[in-house]
Amino acid sequence: MSIQQENIGKLVARREKAREGGGKTRIEAQHAKGKLTARERIALLLDEGSFEEYDMFVQHRCTDFEMDRQRFDGDGVVTGCGTIAGRLVYVFAQDFTVTGGSLSKTMSDKICKVMDMAAKAGAPLIGLNDSGGARIQEGIDALAGYGEIFERNILYSGVIPQISGIFGPCAGGAVYSPALTDFTLMVKGTSYMFLTGPGVVKSVIGEDVTSEDLGGASVHSTKSGVAHFAAADEKEGIATIKELLSYLPQNNADEAPIVPSKDPVSRIDDSLNELIPDNPNKAYDMYKVVRSIVDDGRFLEVHRDFAKNIIVGFARIGGRSVGVVANQPAVLAGALDINASRKASRFVRFCDAFNIPLVTLVDVPGFLCGTRQEYGAIITNGAKLLYAYGEATVPKVTVTLRKSYGGAHIVMSCKQLRGDINYAWPSSEIAVMGADGAVGVLYSKEIKAVEDPAEKAAVTALKKKEYEDLFSNPYRAAERGYIDDVIEPRNTRFRVARALAQLASKRQELPAKKHDNLPL
Ligand code: HXC
């Protein structure tokens, strides 16, 4: 054998060993838990044969706690780049088979390298997390490593899309980095996110809690809102990440890809003319409208199970990506509460950062009131959504379907928040509040003064009718130009598509500033 062949043989053997990560037994343990390995995940994520791996031979440098006896080529993370549907992405996947994927300083160096490369190339970054957080044996070095990752998450926020998959028990820095990224996806039953695991929780505050109850996918996709997506298994999770990317541009200077559709933009949907119930207090399903107006009824919903009183997600109209924000009258009557405001404002800001036009469908009776909301700072949280819409410079097309009352009317992309084109259905009611509330405020003394119950009811009904005639329609707003046109519901897809086409070359700037100070 020539020296050259011997050298190549050594390389092949070392690569093979590196690909085993923490070894066969740990890989089997990973599979037994229903989890894939870091490399298997990358193989599922990227186009076949496109993965270019970096730093396969990097090892940690820790010598404390006998760590020098536990060295693995590549350490606990696999990094590199590849393509998804032919588009370049950078990726890191933590390897739980190597010290539980816990983060060493060298792992951080590897991750930061692909983050920097992604930013330089203007390509999305996808992190597949499966890690116990900072590697305890490395102490401050591991913390410094997280600090460096967080700083890059922040610097590149709004520059390239950053997507986090949570594919195992993730703690500490392994959850804070995802929290700084744009989207977080969890897998039901096998992934957890918490600051510290149940063992540490028990020893520090004495609380007994399971991993699932502390930070399972259902907790974070329904209660905390930390997770934007919850997948049934890893395969579905990776498919969702790919689908999400298909709606996004490569970076903030780019446009999202155009995906032509056979669904004509001129398609008319007569069923929308029948959708709004005669009784204004009766709900209907906003998903019907969303699916009716987007290409092929395809809608990738974000935060599907969290704050269901508002719907947000990605779709295409005329082949172009749009971000849809829609009140859902079937849940809490579509009222805006703290969680709905947080959910929608983050989505609006993402779309604005990445040049994705916003289509807003309005049916909102107002902000949810009461002590729970006030103590939880509905004022600050509602202001987030106000702020997000007001600062957004992407094309904003708004359709008011029914109620649009008070502060919630202003928040939902009204004309004065620089809404570009605002339509209303004839069923719209654009006013400070609904008739019941308004009559209660304006005529309470007169109504109280009437003693006979029948007469009292008649006076109330009369005042309500007067109010409704004035305000329970879109025309007061249309007369002032606050609504650009009142449209037939069945034409909504066509009108929205045409509005978006008109706005395709929209240019709008914000005043120069260091950065804003949105109400966090
Ligand atoms: C070193 C770690 C580790 C860590 C896990 N391991 N976490 N090693 N540092 N942080 C090792 C375990 O010792 C074990 O090694 C192997 O990984 C697998 O872990 P298990 O506990 O056997 O697995 P499992 O039961 O699935 O539990 C996973 C876990 C748990 C929930 C993640 O390991 C855990 O709670 N770890 C500690 C989490 C934590 O508190 N991290 C520090 C966060 S502070 P062996 O050799 O026995 O197989 C932090 C700072 C940044 O991250 C904060 C930023 C704000």
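The values are calculated or read from the model by the stated rules, or taken from the named source; none is laboratory data. Nothing here was measured: the structure is a model prediction, and the numbers come from that model. Using ideal geometry, Cβ is built from the backbone for each residue, glycine included, and neighbour counts are taken over all protein chains shown.
Exactly one of these conditions fails for S266: (1) in a helix (DSSP H, G or I); (2) in contact with a Phe, Trp or Tyr (Cβ under 7 Å, 6 or more places away or on another chain). Give me its number.
(1)
This table checks each residue for (1) under 16 Å from L520 (Cα atoms); (2) small (G, A, S); (3) assigned to a helix (DSSP H, G or I).
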{"residue": "N339", "(1), (2), (3)": "yes, no, yes"}
{"residue": "V348", "(1), (2), (3)": "yes, no, yes"}
{"residue": "A388", "(1), (2), (3)": "yes, yes, yes"}
{"residue": "T398", "(1), (2), (3)": "no, no, no"}
{"residue": "L401", "(1), (2), (3)": "no, no, no"}
{"residue": "A408", "(1), (2), (3)": "no, yes, yes"}
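Keeping to the range 338-365, report how many residues are farther than 15 Å from A315 by Cβ and more than 17 Å from the chain's Cα centre (by Cα).
Here the count works out to 4.
Looking at F92, F96, which is the one that is surrounded by 15 or more Cβ atoms within 10 Å (Cβ to Cβ), within 29 Å of Q162 (Cβ to Cβ), free of Cβ contacts under 8 Å to residues at least 40 places away in the same chain and under 27 Å from the mean Cα position of the chain (by Cα)? Steps first, answer last, please.
Numbers: F96 fails: free of Cβ contacts under 8 Å to residues at least 40 places away in the same chain.
On inspection, the qualifying residue turns out to be F92.
For the range 207-226, does any single residue satisfy the condition of being modelled with pLDDT of 95 or more, assigned to a helix (DSSP H, G or I), within 16 Å of the ligand (Cβ to nearest atom) and within 22 Å of V348 (Cβ to Cβ)?
Taking every residue of the range 207-226 in turn, at least one turns out to be modelled with pLDDT of 95 or more, assigned to a helix (DSSP H, G or I), within 16 Å of the ligand (Cβ to nearest atom) and within 22 Å of V348 (Cβ to Cβ).
Which of the helices (runs of 4 or more DSSP H) found entirely inside the range 1-91 contain at least 2 residues meeting this: of a type in the set (A, V, I, L, M) and more than 16 Å from the ligand (Cβ to nearest atom)?
On the way: elements: 3-19, 24-32, 38-45.
By residue number, 3-19, 38-45.
Collect the residues in the range 103-129 that are in contact with a Lys or Arg (Cβ under 7 Å, 6 or more places away or on another chain) and surrounded by 24 or more Cβ atoms within 10 Å (Cβ to Cβ), keeping them in residue-number order.
L103, S104, M115, L128
Among V114, V77, which is modelled with pLDDT of 95 or more and within 24 Å of the chain's Cα centre (by Cα)?
Values: V77 fails: within 24 Å of the chain's Cα centre (by Cα).
Matching residue, one of V114, V77: V114.
Which residue, of E451, E446, is assigned to a helix (DSSP H, G or I), out of contact with any Phe, Trp or Tyr (no Cβ under 6 Å at 6 or more places or on another chain) and farther than 20 Å from L275 by Cα? Outline the logic, then answer.
Values: E451 fails: assigned to a helix (DSSP H, G or I).
Unique residue meeting the criteria: E446.
Report whether or not N517 is under 33 Å from the mean Cα position of the chain (by Cα), without any contact (Cβ under 8 Å) to a residue 40 or more places away in the chain and not in a helix (DSSP H, G or I). Full working, then the answer.
On the way: under 33 Å from the mean Cα position of the chain (by Cα): yes; without any contact (Cβ under 8 Å) to a residue 40 or more places away in the chain: yes; not in a helix (DSSP H, G or I): yes.
Taking the combined requirement at face value, the residue satisfies it.
Quick one: is A478 assigned to a helix (DSSP H, G or I) and farther than 25 Å from A388 by Cα?
Numbers: assigned to a helix (DSSP H, G or I): yes; farther than 25 Å from A388 by Cα: no.
Answer is no for this residue.
Identify all residues within the range 244-256 that are out of contact with any helix residue (DSSP H, G or I) (no Cβ under 7 Å at 6 or more places or on another chain) and either over 13 Å from I126 (Cα atoms) or assigned to a loop (DSSP other than H, G, I, E, B) (or both); write none if there are none.
Taking the range 244-256 as the starting set, the residues that turn out to be out of contact with any helix residue (DSSP H, G or I) (no Cβ under 7 Å at 6 or more places or on another chain) are 244-251, 253-256.
Passing the criteria: S246, Y247, L248, P249, Q250, N251, A253, D254, E255, A256.
So which residues in the range 125-144 are assigned to a helix (DSSP H, G or I), more than 9 Å from the ligand (Cβ to nearest atom) and within 22 Å of Y192 (Cβ to Cβ), if there are any at all?
As a first pass, look at the range 125-144 and keep what is assigned to a helix (DSSP H, G or I): 136-138, 140-144.
Filter once more, so that each one left must be more than 9 Å from the ligand (Cβ to nearest atom): 140-141, 144.
The answer is none; no residue qualifies.
Inside the range 409-422, can you point out the residues that are surrounded by fewer than 23 Cβ atoms within 10 Å (Cβ to Cβ) and touching an Asp or Glu at 6+ places or on another chain (Cβ under 7 Å)?
Across the range 409-422, the qualifying residue is only I421.
List every residue pair whose Cβ atoms lie under 9 Å apart, where the two residues are 6 or more positions apart in sequence or sit on different chains, the first residue falls within the range 362-382 and is touching a residue at least 40 places away in the same chain (Cβ under 8 Å) and part of a loop (DSSP other than H, G, I, E, B), and the second residue, located anywhere, is surrounded by 21 or more Cβ atoms within 10 Å (Cβ to Cβ) and of a type in the set (D, E, K, R).
Taking only residues 6 or more apart or on different chains, the pairs are P365/K403; G366/K403.
State whether one or more residues within the range 274-295 are touching a strand residue (DSSP E or B) at 6+ places or on another chain (Cβ under 6 Å) and of a type outside the set (V, I, T).
Checked the range 274-295: at least one residue is touching a strand residue (DSSP E or B) at 6+ places or on another chain (Cβ under 6 Å) and of a type outside the set (V, I, T).
Would you mind finding the one in I42, I8, I84 that is hydrophobic (A, V, I, L, M, F, W, C) and either surrounded by fewer than 17 Cβ atoms within 10 Å (Cβ to Cβ) or farther than 28 Å from P257 by Cβ (or both)?
Details: I42 fails: either surrounded by fewer than 17 Cβ atoms within 10 Å (Cβ to Cβ) or farther than 28 Å from P257 by Cβ (or both); I84 fails: either surrounded by fewer than 17 Cβ atoms within 10 Å (Cβ to Cβ) or farther than 28 Å from P257 by Cβ (or both).
Selected residue: I8, the only one of I42, I8, I84 that is hydrophobic (A, V, I, L, M, F, W, C) and either surrounded by fewer than 17 Cβ atoms within 10 Å (Cβ to Cβ) or farther than 28 Å from P257 by Cβ (or both).
Given (1) within 28 Å of K282 (Cβ to Cβ); (2) buried (at least 24 other Cβ atoms within 10 Å of the Cβ); (3) of a type in the set (G, A, S), where does A333 come up short, assuming only one miss?
Every condition holds for A333 apart from (2).
Would you pick out the residues in the range 168-206 that are under 24 Å from V302 (Cα atoms) and either away from the ligand (no atom under 12 Å from the Cβ) or surrounded by fewer than 16 Cβ atoms within 10 Å (Cβ to Cβ) (or both)?
A179, T181, D182, F183, T184, L185, M186, V187, K188, G189, L195, listed by residue number.
Just to check your reading of the model, which residue among K113, K120 is more than 15 Å from the ligand (Cβ to nearest atom) and more than 25 Å from S246 (Cβ to Cβ)?
Details: K120 fails: more than 25 Å from S246 (Cβ to Cβ).
Residue meeting the stated conditions: K113.
Answer yes if at least one residue in the range 240-251 is out of contact with any strand residue (DSSP E or B) (no Cβ under 6 Å at 6 or more places or on another chain) and of a type in the set (K, R), and no otherwise.
no
Please specify each residue of the range 101-116 satisfying the condition of being part of a helix (DSSP H, G or I) and in contact (Cβ under 8 Å) with a residue 40 or more places away in the chain. Explain how you work it out, then say what you get.
Filtering the range 101-116 down to residues part of a helix (DSSP H, G or I) leaves 101, 105-116.
Answer for the range 101-116, where residues must be part of a helix (DSSP H, G or I) and in contact (Cβ under 8 Å) with a residue 40 or more places away in the chain: G101, K105, T106, M107, S108, D109, K110, C112, K113, V114, M115.
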